[in-house]
Amino acid sequence: MDCADAPNPPAPPICPQCRLVSDRHPTYYGAYVLLEPGLTAPAHMVPAWHRWYVDADGTAWNSGRDEPTPGAECRVPHRLACPGLTLEEVGLWRWLDAVRWENARRAQRQADEEAFLGRLPDVG
């Protein structure tokens, strides 16, 4: 429910659905969460159970259903912005459309680059 389903180290912090790298953080209950890199949002715009905060030591915690304090900002789980999941799986909110579109573009570009590099001749 809170999106703390990231692959455990030593596996890389790559989303299994879209193959994009995200910021992986441990939680206080032994799981890991992938957070959208560089995205901080006003906490009141992020639905309950999806508001993540990161402590100084890098440990992430979810505020659950608690209302955010006025002016608070939080991190967004990658799962909400993952282009590899359907809208039904994500329960998408309108303001995340742009983030999902950008991630879809990045994933396609990454796949295109990998395909191109795989076709280069071995010139020794």
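Laboratory data are not the source of any read-out in this text; all were calculated from the coordinates shown. Please read these numbers as outputs of a predicted model, since none were measured by experiment. In this analysis, Cβ positions are derived from the backbone assuming ideal geometry, glycine residues included, and neighbour counts consider all displayed protein chains.
Listed values, structure above:
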{"item": "Cβ-based exposure ranking for 109, 19, 79, 24, in which fewest neighbours within 10 Å come first", "result": "109, 19, 24, 79"}
{"item": "Estimated D of segment 23-119 in µm² per second, where Rh is the Kirkwood radius over Cα pairs and Stokes-Einstein applies at 10 °C, 1.306 mPa s", "result": "109"}
{"item": "Rounded FRET efficiency, nearest 0.05, which uses the C-beta distance separating residue 97 from residue 73 and R0 of 30 Å", "result": "0.90"}
{"item": "Amide hydrogen neighbours beyond the local backbone of residue 73, cut-off 5 Å, H modeled", "result": "43"}
{"item": "Relative exposure of 78, 50, 44, judged by other C-beta atoms within 10 Å (fewest first)", "result": "44, 50, 78"}
{"item": "Pair residue 105, residue 117: separation of 7 Å Cα→Cβ label points (nm)", "result": "2.2"}
